[in-house]
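Chemist: Encoded as structure tokens, here's the structure I'll be asking about.
The values are calculated or read from the model by the stated rules, or taken from the named source; none is laboratory data. Please read these numbers as outputs of a predicted model, since none were measured by experiment. Cβ placement follows ideal geometry from the backbone for every residue including glycine, while neighbour counts extend to all protein chains displayed.
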Amino acid sequence: MKTKTLVWGGVVVAAAVGLALTFQGLFAELQKRSASAVLFANQATTEIASGWKVETLSNLATPEYYQLVATGDRSAWDKYQILGPFISAGSCAVLGLKVSNLVAVAQVSCPAEFKNGKAAIVLLITDAGGAWKIGSMQVRI
């Protein structure tokens, strides 16, 4: 009976260690994805806000989002120009991150300062193949 208890105790300890290592690996992967999302968002925000040109999105956005913005109503982009020239951007922060089937989706908020005030540029970005792309964008004034 004592041997059986020791065996089961060993199995439980091994399972707990295995789970802890798995969660540690998952947590490290989430941290890595979060850091790369912030890096991409910082760069993208600066590029976009520096001129508010839709064409800037061509290399930063998903083909679907770029097509939507490039061929659709550009009145929102015209409104962003009311902020005036871009002065500086603060560090972006991940508001949410989800990874499913090796595809990461993050919502990132990036504070920015313009001549006529401050705004937060909120990006929904996706990493499906090793490169983040913008799937949508909001400017919150």
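Chemist: Looking only at the range 62-96, count every residue that is in contact (Cβ under 8 Å) with a residue 24 or more places away in the chain, assigned to a strand (DSSP E or B) and within 14 Å of V122 (Cβ to Cβ) and tell me the total.
Modeler: 4
Chemist: Got a sec? Which of S88, S109 is within 15 Å of Q43 (Cα to Cα), of a type outside the set (V, I, T) and in contact with an Asp or Glu (Cβ under 7 Å, 6 or more places away or on another chain)?
Modeler: Checking each option against the conditions leaves just S88.
Chemist: Look through V103, V54, V122 and report the one residue that is touching a Cys at 6+ places or on another chain (Cβ under 8 Å), free of Cβ contacts under 8 Å to residues at least 60 places away in the same chain and among the hydrophobic types (A, V, I, L, M, F, W, C).
Modeler: Only one candidate qualifies: V122.
Chemist: Still on this structure, please answer the following. When the residues of the range 121-130 are narrowed to those that are at negative phi and in a loop (DSSP other than H, G, I, E, B), which ends up surrounded by the most Cβ atoms within 10 Å (Cβ to Cβ)? Before you say what the answer is, go through the steps one by one.
Modeler: The initial filter retains those residues of the range 121-130 that are at negative phi, namely 121-129.
Next, only the ones that are in a loop (DSSP other than H, G, I, E, B) stay: 128-129.
Working: A128: 13, G129: 9.
In this case the residue turns out to be A128.
Chemist: Still on this structure, I have one more. From K118, K133, which residue is assigned to a strand (DSSP E or B), in contact with a strand residue (DSSP E or B) (Cβ under 9 Å, 6 or more places away or on another chain) and surrounded by fewer than 16 Cβ atoms within 10 Å (Cβ to Cβ)? Break it down stepwise before answering.
Modeler: Working: K133 fails: surrounded by fewer than 16 Cβ atoms within 10 Å (Cβ to Cβ).
Of the residues listed, the single one that is assigned to a strand (DSSP E or B), in contact with a strand residue (DSSP E or B) (Cβ under 9 Å, 6 or more places away or on another chain) and surrounded by fewer than 16 Cβ atoms within 10 Å (Cβ to Cβ) is K118.
Chemist: Could I ask something else about it? With respect to I48, is the statement that it is touching a residue at least 60 places away in the same chain (Cβ under 8 Å) and in a helix (DSSP H, G or I) true?
Modeler: Yes: the conditions hold for I48.
Chemist: Same structure, new question: Among the candidates A20, A28, A37, single out the residue that is hydrophobic (A, V, I, L, M, F, W, C) and at pLDDT 90 or above.
Modeler: Result of the check over A20, A28, A37: A37.
Chemist: How about the range 93-120: which of its residues are within 23 Å of E64 (Cβ to Cβ) and touching a Phe, Trp or Tyr at 6+ places or on another chain (Cβ under 9 Å)?
Modeler: Just the residues of the range 93-120 that are within 23 Å of E64 (Cβ to Cβ), to begin with: 94-110.
Of everything in the range 93-120, those that are within 23 Å of E64 (Cβ to Cβ) and touching a Phe, Trp or Tyr at 6+ places or on another chain (Cβ under 9 Å) turn out to be A104, A106, V108.
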